[in-house]
1. In the stretch 305-343, which residue that is in a helix (DSSP H, G or I), more than 16 Å from ligand 3 (Cβ to nearest atom) and of a type outside the set (Phe, Trp, Tyr) is farthest from the chain's Cα centre (by Cα)?
2. Within the stretch 175-222, track down each residue that is touching a Lys or Arg at 6+ places or on another chain (Cβ under 7 Å), farther than 20 Å from residue 76 by Cβ and open to solvent by 30 Å² or more (accessible area, probe 1.4 Å).
3. Is it the case, given these coordinates, that residue 280 is open to solvent by 40 Å² or more (accessible area, probe 1.4 Å), within 16 Å of ligand 2 (Cβ to nearest atom), modelled with pLDDT of 95 or more and not in a helix (DSSP H, G or I)?
4. Identify, from the list 409, 402, 396, the residue that is under 20 Å from residue 345 (Cα atoms) and either hydrophobic (A, V, I, L, M, F, W, C) or in contact (Cβ under 8 Å) with a residue 24 or more places away in the chain (or both).
5. So in the stretch 267-277, with the set limited to residues that are closer than 11 Å to residue 241 by Cα and surrounded by 17 or more Cβ atoms within 10 Å (Cβ to Cβ), which one is nearest to ligand 2 (Cβ to nearest atom)?
6. What single numbered condition from (1) within 15 Å of ligand 2 (Cβ to nearest atom); (2) open to solvent by 10 Å² or more (accessible area, probe 1.4 Å); (3) not basic (Lys, Arg) fails to hold for residue 464?
7. Return only the number of the condition from (1) part of a loop (DSSP other than H, G, I, E, B); (2) without any contact (Cβ under 8 Å) to a residue 40 or more places away in the chain; (3) within 30 Å of residue 40 (Cβ to Cβ) that residue 209 does not satisfy.
Amino acid sequence: MRIEKSVSFLEVLQIALLVALACATLFAYDPELKSDLAQRRQAVMEKMGNRGMLILFSKKLRPYSGDVVYEFRQENNLFYLTGIRQRDITLVLIPQNLTYREILFLPDQNPRRELWTGKMLSPEEAAKTSGIENVWSASEFERFIDSVLYGRPYRTNRYLQSREYRDFVKDLQRGEAEVFLLMEPRPGLTGEMSREFEFANRLRERFTGIQTKDASKIFDQLRVIKSPYEIKQLQEAIDITIEAHLRAMKHLHPGAWEYEIEAVIEYVFKRHNSFDWAFPSIVASGPNATVLHYQKSQRQTKDGELLLIDIGAEYNYYAADITRTVPVNGKFTTEQAGIYQLVLDAQNAAMALVKPGSSLSAIHQKAVEVLKEGLFRLGLITDKSGDQYRVFFPHGVGHFLGLDVHDVGRREHLQPGMVLTVEPGIYVRDDSLERLAGRGVVQEELEKIRAALNKYMHIGVRIEDDVLVTEEGYELLSKDAPREIAEIEALVGRDQEIGVRSQESGARR
Ligand code: GLY
Ligand code: MN
Ligand code: MN
């Protein structure tokens, strides 16, 4: 039985809007991203010299324990060119194949799999998200590769193949054009073989003369410069991270557990739909602050100590990385303030060098210069000319930031659109004296340092901010996270004043 009802134009419009909204929630579609993606694929093909064939695979699922796997995360370069988060996809770019320059291989929708793990993308959805017109079944991938390497037509006929494509196939067979694959990280003799290495081996065994080439450098060169769209994603990740820092500072009080502070932080991440974190959160109190990548979060904070919080939300695949070091009871001691101010001065001096033409190594050297002066003044080193300072500042001053927290790029001169961290630190550890001795500091000098070491023992301070290189210099993307001593002191423990109490449930791991 049909119910006859006339539908007004307004109702049709409402339904259309609802359908559009439902679709939008099922798969990401962003016109700005789509135009970025097309430009990135074009740029990759240009860097390939508009010849050769690029193949990018999804990463395999990683086992966690038993039959539980880690949450899937798309391989960054594949995400960079497709915007697609679904697993088991493969991208092929062949600049000289004028009919099919870009092909995305997508697993067929499968009701059984969808019952367990949710909706899979349809070819239309994948095409809409990525802007790639040719979305083919993943089951066609091997047959397609065979056809390319044997020079046979696929989804076309011989007469429709362009001269460029036929020339490319001949070059490929003669080893004069290459198959580009991501060959980083390299496995060495004993490391795990990535899918790319296995695939390259299979190609060499079965199609003699085929040459493969590492595509990583192409991506490194492109990804190091961020587009306005990417900067917006980074800013979002940074803003979420700043909110997490503020909440953590307000919640902090003597007796709070490290894991409890970590929970406050990661609650903020999740609340903002941040995928999770960009790297495991570092919440390190007292002596733990002198362990650079301390991740256990199992200690209870004590009155009079510092808490170092090095965290980064991941938003839409982009990473933030911000460190603050704060007094647990809301007031820096004279010694803590002395070290803190020195690190802050080094950071400000280093940051002032962020501008086009400068480099990470110049920025590092500036931080070293300021830290050496300060460490000498505090009596922690006896020689400013050598490398004694490295006992207290053992890491680099920063790194690029993007899809990876330690993003691609290293030695290049800075250019507008690059995003980097500036993160000096000082760490006074139980083993500092031995490490000074290991650097050749003689007994007499060590004796002079001993008193200062005792005075500053177990103080670990890092201050880390995220900076965008602009035409004029830099923009501090994390400027809303307080850095000055007075600002931090005004924030720490504010929740306690309004009666938010911590749970004391002891250590678990
Ligand atoms: N959170 C890791 C780093 O600061 O590089
Ligand atoms: Mn960092
Ligand atoms: Mn960090």
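The values are calculated or read from the model by the stated rules, or taken from the named source; none is laboratory data. Bear in mind that the values here come from a model prediction, so they are computed numbers and not experimental data. All Cβ positions, glycine included, derive from the backbone under ideal geometry; neighbour counts span all protein chains shown. We work out accessible area using only protein heavy atoms, side chains counted, and drop any ligands, DNA or RNA first. Shrake-Rupley method; radii C 1.70, N 1.55, O 1.52, S 1.80 Å.
1. First, the residues of the stretch 305-343 that are in a helix (DSSP H, G or I): 334-343.
If we keep only those that are more than 16 Å from ligand 3 (Cβ to nearest atom) as well, we get 334-342.
Those still in the list that are of a type outside the set (Phe, Trp, Tyr) too: 334-339, 341-342.
On the way: 334: 36, 335: 34, 336: 31, 337: 31, 338: 32, 339: 29, 341: 29, 342: 28 Å.
The extreme case among them is 334.
2. Matches in the stretch 175-222: 178, 209.
3. When the stated conditions are applied, residue 280 passes them.
4. Numbers: 409 fails: under 20 Å from residue 345 (Cα atoms); 402 fails: under 20 Å from residue 345 (Cα atoms).
After applying the criteria, what remains is 396.
5. Applying the filter and picking the extreme gives 277.
6. For residue 464, the exception is condition (2).
7. All conditions are met except number (3).
Yes/no matrix, rows are residues, columns are (1) at pLDDT 95 or above; (2) within 22 Å of residue 352 (Cα to Cα); (3) in contact with a Lys or Arg (Cβ under 9 Å, 6 or more places away or on another chain):
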residue	(1), (2), (3)
473	yes, yes, yes
476	yes, yes, no
485	yes, yes, no
489	yes, no, yes
504	no, no, no
